[in-house]
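Participant: To start, I am sharing the structure in question, which I have written as structure tokens.
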């Protein structure tokens, strides 16, 4: 969350033949409501089932596409079957600084209810970090890099990995 997945994805599609989709956007389209509202009304288990549905569709129907995922999507059992897993890594304090310094910071913070409790958010970050790294085929440190720099590094590493 807040590491710049969308910005990097936009740069990747500008400089490559890849398409890009975001799993949270797909879910919001399926449900015709925001992730936040889905969580509020239906709860996490319902949302994770929607992620499962999206993961199966991605595995069976999508190729040559950069897929940005929500923070819990890594728990999908077929993740590695979908494609190369890239983890954009940055320290928690840098992520928080990036979000707060954005020109649209208030909206970005409102969209991320987890950041209402920074202690809890940092604990979740520490809990997930080793799991993200263990699952990743490629890790890119995005700290203090532009989205374009990250996109170029991502494409280079994907090519080397293939």
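Participant: With the checklist (1) loosely packed, with under 15 Cβ neighbours inside 10 Å; (2) outside any helix (DSSP H, G or I) in hand, flag the one item residue 14 doesn't pass.
Facilitator: If we test residue 14 against (1) loosely packed, with under 15 Cβ neighbours inside 10 Å; (2) outside any helix (DSSP H, G or I), just (2) comes out false.
Participant: Can you tell me which of 120, 107 is at pLDDT below 95, under 19 Å from residue 22 (Cβ atoms) and not in a strand (DSSP E or B)? Let's see the steps before the verdict.
Facilitator: Numbers: 120 fails: under 19 Å from residue 22 (Cβ atoms).
Only one candidate passes the filter, namely 107.
Participant: Against the definition (in contact with a helix residue (DSSP H, G or I) (Cβ under 7 Å, 6 or more places away or on another chain) and either surrounded by 14 or more Cβ atoms within 10 Å (Cβ to Cβ) or closer than 18 Å to residue 25 by Cα (or both)), how does residue 81 come out, yes or no?
Facilitator: Values: in contact with a helix residue (DSSP H, G or I) (Cβ under 7 Å, 6 or more places away or on another chain): yes; either surrounded by 14 or more Cβ atoms within 10 Å (Cβ to Cβ) or closer than 18 Å to residue 25 by Cα (or both): no.
So residue 81 does not fit the description; no.
Participant: I'm told residue 18 meets every condition in (1) more than 17 Å from the chain's Cα centre (by Cα); (2) farther than 27 Å from residue 120 by Cβ except one. Can you identify the failing condition by its number?
Facilitator: (1)
Participant: Turning to a different aspect of this structure: Can we say residue 58 is surrounded by 12 or more Cβ atoms within 10 Å (Cβ to Cβ), in contact with a strand residue (DSSP E or B) (Cβ under 8 Å, 6 or more places away or on another chain) and part of a helix (DSSP H, G or I)?
Facilitator: yes
Participant: A further question follows. Could you tell me whether residue 51 is under 13 Å from the mean Cα position of the chain (by Cα) and either buried (at least 17 other Cβ atoms within 10 Å of the Cβ) or free of Cβ contacts under 8 Å to residues at least 40 places away in the same chain (or both)? Write out each step before concluding.
Facilitator: Details: under 13 Å from the mean Cα position of the chain (by Cα): yes; either buried (at least 17 other Cβ atoms within 10 Å of the Cβ) or free of Cβ contacts under 8 Å to residues at least 40 places away in the same chain (or both): yes.
Considered against the rule, which asks whether it is under 13 Å from the mean Cα position of the chain (by Cα) and either buried (at least 17 other Cβ atoms within 10 Å of the Cβ) or free of Cβ contacts under 8 Å to residues at least 40 places away in the same chain (or both), residue 51 comes out as yes.
The values are calculated or read from the model by the stated rules, or taken from the named source; none is laboratory data. Here the structure is a predicted model, which means the values were calculated and not measured. Cβ atoms come from the backbone with ideal geometry, glycine included; neighbour counts cover every protein chain shown.
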